[in-house]
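Worksheet for the structure shown next.
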Amino acid sequence: MDASVQTKTHNLAKGDTLLAVDNVSLSFGGVKAITDVSFDIKKGEIRAIIGPNGAGKTSMLNVINGFYHPQQGRITFKGETRQKMRPYVAASQGIARTFQNVALFKGMTTLDNIMAGRTLKMNTGFFWQLWRHGPAMREEVEHRHIVEEIIDFLEIQAIRKTPVGKLPYGLQKRVELGRALAMEPELLLLDEPMAGMNLEEKEDMSRFIIDVNTQYGTTIALIEHDISVVMDLSDRVVVLEYGRKIADGTPNQVKNDQTVIDAYLGVPH
Amino acid sequence: MFYREAGQFKTTYPSDMAVFPIAQDRIGLGLILAAAFILIPLFASDFILSSVMIPFLVFSLAAIGLNILTGYTGLISLGTGAFMGVGAYACYKLMTIFPGVNIIIWIISAGFFSALVGIIFGIPSLRIKGFYLAVATLAAQFFLQWCFVRIPWLYNYNASGAIEVGTRTLFGIPIVGPNATPEARYYVMLCIVVALTWIASNIVHGKIGRSWMAVRDMDIAAELMGIKLLDTKLLAFAVSSFYAGVAGACMMFLWYGGGEASDAFNINQSFLILFMVIIGGLGSLIGSFFGAAFISILPTVLKFGLPAIGIPLSGATAEHLIHILVGALIIFFLIVEPHGLARLWQIGKQKLRMWPFPY
Ligand SMILES: Nc1ncnc2c1ncn2[C@@H]1O[C@H](COP(=O)(O)OP(=O)(O)OP(=O)(O)O)[C@@H](O)[C@H]1O
Ligand SMILES: [Mg+2]
C-alpha cells in the first residue's frame, strides 16, 4: 500500500478517540446479546475484545459496522455520533472487517477478492466500464498496483489467480485480511483471525497484524480466544461476559482481575 | 503448435488483465471470428443460416443476458421470455412510430425498454432470494405475457394479433422483412452479437462484474465493501434484460420475420434459456454460447442430420429424444458440474496445456 494513499484525511492524532460505544444494548427477541456496554478505541491502538463463547463479541462488531442496530446506546466514530451505523456508511467512513467464519467471495480469485475491496475507491462511471479502455482501464491498473502490494505484503503471490473456495482455511483467512486491507481502513475489525490455525499460521497472522498496525497506523479491534496472543498483541483489552462488560484495561490489569479469572474459570455467580 | 503460456511473460498489468492472456486463445478467437464472418456465409446453405446460425446467435444473446443475472449475480429468473418479448414489442412500436429511423437503432433501443421493465420487476430482489425470487419473476412472465395479448396497441391493432414485419434496409440492402436474404440477416445478427459480447466481457471483467459476483457469493461481505446491494442487483437486472430485449427484437425481426409473439415469448422460452445457461455454464460468457449451441442446434441435428445419414427418425421421436437428452444433461450438470460445458472446456484446455507430458 502506498503511504501517500494510506495517510489520508485523518484529522485525528494518535491516541485520540477513534470510536466510542456508549451504553449499547442489543437484544434478539428475549435474548440479550449486549447489555449496556461502553468502551472506546483510540487511534493507532490494537484493542482486544475477549470473553467466553456467546459473550456478545461478534454482536459488538456487528453493531459497530451497522449490521445490527442496538435498541439503546450511541456509536461515535471520528467525532460523529449515531444511534446506529449503516454498513455502507461504515465502509465509506473507513471501517473494514473480517468474519469469524470466513466470508470470502468463493467463486472469485484471490486477486478479484482483494480488488473487490477497492470498490469504494474506484469511481469511473458505467459508460467507461462498458469499453474497459481509457479511464476505466487506467483506474483498473492503478488499483491493481495497490492490490499487488497487499499481495506481496501478505506473501500470497502464488495463489493470486486461484479461486479462493479452493484454498486451505489458513490462506482463506489471509486473503480475507487482504480484502479488508484493500479498503485502506482507519479501523480494522478482526473477528477471531487465528481461529483454527496451527502455530506457524498463527505466528504469521500475528506478524501481519502488528505490521499493519505499525507500518500503516491502522487501528485494530481484535476478537481472539488465544489469551497469549491477546497479551502479546494488544494495547488494551475489554472483557465481555454474558453481554456485559466485566473488565477493561491493559493486558496486565485484565489478566490479574478477579472477575475475569472467575469468568474464564467458570466460577458460578 | 503447443497450447501453453510458457515464454509468454506478462510484463505489464494491462496485458496480464487481458481477457485472453494466452496468445493461442487470441489466435483461436480470431479464427472463430474469421469463420463466422467469412467461411459460414460462403459455404453454409440458406437453410443452415436461417434455421441454425441465426437462432443460435439469438439464443446466445439471450443466454448471455440471463447468465449476467443468474450466473454472475446469483439471481434466478424465469422471466427471460417475457423480457425478450418486451424488446420485440418495443422495437415494433418504435419502428411503426418512427419509420424513418434505421431498424438497427430500434433493435438496440428496444433493449433499453426491457431494461426498464427488468428494473421494475427486479426491485423485489432486495428482499427475496432463490425460490421466492423465481416465483416473483414468474409473475412478471405471466403479467407481461398477458399484456402482449390484451393490449392491442402493442401489436398495432392487427386483426391477427401478430407482429407484421415490412422490409427495412441498411445501405439499400434489405435486412429485415420478406426480401431480406439469410446472408444479410445473418451478418446483422452476427455484428450485434459480437459487439454486445465484447461489451458484456468488458463489464464482467471490471469493477461491475466483481460487484455482481461479490453479491452472488457473499452479500453481507459485499455490503461491507461498500457495494450497495439494491443498486448492484438492479444494474444486473437492467443489463440482463437489455440483452434479453435485444435478443427478443432480433428474434422477431431477423429470425422469425414477424408472427404471433405471445407464443414466442412464453414460459417455455424462459425455461429453454435457463437450461442453456445451466448446461453451458453459470457465470461464463463462453458457456452461454456453448449452451445456446447445444440446445438450439441439437433439435436440427437430430431432425435433419440423422435421417440424412440414413438413421430413420420421425419428427416426433426426435422431439422426445431432445426432451430426454436435455433433461438428463441438466440433472447431470446441476449435480456434477455446475459450471457446465464451459468448465469441461477449461479442463480440456488445462489438459492440453500439460500435453504431452502429464506432469
Ligand atoms: N442474529 C441473531 N439472532 C439471535 N440471537 C443472536 C444473533 N446473533 C447473536 N445472537 C445471540 O447473541 C449472543 C452473543 O452472540 P455472539 O455471536 O456475539 O457471541 P460471541 O462472543 O461472538 O461468541 P463466540 O466466541 O462463540 O464467537 C448469543 O447468545 C447468540 O446466540
Ligand atoms: Mg463470535
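The values are calculated or read from the model by the stated rules, or taken from the named source; none is laboratory data. Note that the coordinates shown come from a computational prediction; the quantities given were computed from them, not determined experimentally. For neighbour counting, all protein chains shown are included, and Cβ atoms are generated from backbone atoms with ideal geometry for every residue, glycine included. Calculation scope for accessible area: heavy atoms of the full protein, side chains included, ligands and nucleic acids excluded. Shrake-Rupley method; radii C 1.70, N 1.55, O 1.52, S 1.80 Å.
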Candidate set: the range A:60-82, residues that are within 16 Å of ligand 1 (Cβ to nearest atom) and in contact (Cβ under 8 Å) with a residue 60 or more places away in the chain; chosen: the one nearest to residue A:182 (Cα to Cα): A:65
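Kindly establish whether residue A:204 is acidic (Asp, Glu), modelled with pLDDT under 90 and either in a helix (DSSP H, G or I) or over 20 Å from residue A:65 (Cβ atoms) (or both).
Working: acidic (Asp, Glu): yes; modelled with pLDDT under 90: no; either in a helix (DSSP H, G or I) or over 20 Å from residue A:65 (Cβ atoms) (or both): yes.
It is false that residue A:204 is acidic (Asp, Glu), modelled with pLDDT under 90 and either in a helix (DSSP H, G or I) or over 20 Å from residue A:65 (Cβ atoms) (or both).
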Verdict on residue B:188 being within 30 Å of residue A:136 (Cα to Cα) and either touching a strand residue (DSSP E or B) at 6+ places or on another chain (Cβ under 8 Å) or polar (S, T, N, Q) (or both): yes
Some residue of the range A:83-93 being assigned to a strand (DSSP E or B), within 16 Å of ligand 1 (Cβ to nearest atom) and over 22 Å from residue A:182 (Cα atoms): no
Within the range A:145-185, considering residues that are closer than 17 Å to residue B:17 by Cβ and assigned to a helix (DSSP H, G or I), the one most open to solvent (accessible area, probe 1.4 Å): A:145
Residues (outside any helix (DSSP H, G or I) and either at the interface with chain B (Cβ under 7 Å from one of its Cβ atoms) or crowded, with 20+ Cβ neighbours inside 10 Å (or both)) located in the range A:115-144: A:117, A:118, A:122, A:132
Any helices (runs of 4 or more DSSP H) falling wholly within the range B:147-259 and containing at least 3 residues that are open to solvent by 10 Å² or more (accessible area, probe 1.4 Å), over 22 Å from residue B:110 (Cβ atoms) and within 14 Å of chain A (Cβ to nearest Cβ): B:207-217, B:219-224, B:229-250
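Tally the residues that are more than 10 Å from chain B (Cβ to nearest Cβ), of a type outside the set (Lys, Arg) and buried (at least 17 other Cβ atoms within 10 Å of the Cβ), restricting the search to the range A:74-92.
Of the range A:74-92, the ones more than 10 Å from chain B (Cβ to nearest Cβ) are A:74-85.
Then drop every residue that is not of a type outside the set (Lys, Arg), which leaves A:75-77, A:79-81, A:83, A:85.
After this cut, where a residue has to be buried (at least 17 other Cβ atoms within 10 Å of the Cβ) as well, the list is A:75, A:77, A:85.
So the count comes out to 3.
Condition check: more than 18 Å from the chain's Cα centre (by Cα) and among the hydroxyl-bearing types (Ser, Thr, Tyr). Does residue B:73 satisfy that? Explain how you work it out, then say what you get.
Working: more than 18 Å from the chain's Cα centre (by Cα): no; among the hydroxyl-bearing types (Ser, Thr, Tyr): yes.
The answer is no for residue B:73.
Has the range A:101-112 got at least one residue that is within 16 Å of ligand 2 (Cβ to nearest atom), facing chain B (nearest Cβ under 7 Å) and assigned to a loop (DSSP other than H, G, I, E, B)? Write out each step before concluding.
Filtering the range A:101-112 for residues within 16 Å of ligand 2 (Cβ to nearest atom) gives A:101-103.
If we keep only those that are facing chain B (nearest Cβ under 7 Å) as well, we get A:103.
Subsequent filtering for residues that are assigned to a loop (DSSP other than H, G, I, E, B) retains A:103.
Scanning the range A:101-112, I find at least one residue that is within 16 Å of ligand 2 (Cβ to nearest atom), facing chain B (nearest Cβ under 7 Å) and assigned to a loop (DSSP other than H, G, I, E, B), so the answer is yes.
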Residue satisfying condition, being closer than 23 Å to residue B:47 by Cα and modelled with pLDDT of 95 or more, within set B:247, B:261: B:247
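Being surrounded by fewer than 16 Cβ atoms within 10 Å (Cβ to Cβ) and at pLDDT below 85, is that true of even one residue in the range B:288-301?
Taking every residue of the range B:288-301 in turn, at least one turns out to be surrounded by fewer than 16 Cβ atoms within 10 Å (Cβ to Cβ) and at pLDDT below 85.
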Filter result for residue A:153 (more than 9 Å from every other protein chain (Cβ to nearest Cβ), without any contact (Cβ under 8 Å) to a residue 24 or more places away in the chain, at negative phi and not small (Gly, Ala, Ser)): no
Filter result (more than 13 Å from chain B (Cβ to nearest Cβ) and within 16 Å of ligand 2 (Cβ to nearest atom)) within the range A:167-189: A:173
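Return a yes/no flag: does the range A:252-266 have any residue that is of a type in the set (Phe, Trp, Tyr) and out of contact with any Ser or Thr (no Cβ under 9 Å at 6 or more places or on another chain).
Of all residues in the range A:252-266, those of a type in the set (Phe, Trp, Tyr) come to A:264.
In the following step, the residues that additionally are out of contact with any Ser or Thr (no Cβ under 9 Å at 6 or more places or on another chain) were identified as A:264.
Within the range A:252-266, one or more residues are of a type in the set (Phe, Trp, Tyr) and out of contact with any Ser or Thr (no Cβ under 9 Å at 6 or more places or on another chain).
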Where residue B:336 falls short, out of the listed (1) hydrophobic (A, V, I, L, M, F, W, C); (2) buried (at least 20 other Cβ atoms within 10 Å of the Cβ); (3) at pLDDT below 85: (2)
Residue in the range A:191-198 that is closer than 20 Å to residue A:114 by Cβ, within 16 Å of ligand 1 (Cβ to nearest atom) and within 14 Å of another protein chain (Cβ to nearest Cβ) present: yes
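Of the residues A:41, A:49, which is at pLDDT 95 or above and more than 9 Å from ligand 1 (Cβ to nearest atom)? Steps first, answer last, please.
Values: A:49 fails: more than 9 Å from ligand 1 (Cβ to nearest atom).
Just one listed residue meets the conditions, A:41.
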Per-region count, the range B:29-70, residues free of Cβ contacts under 8 Å to residues at least 24 places away in the same chain and under 12 Å from the mean Cα position of the chain (by Cα): 0
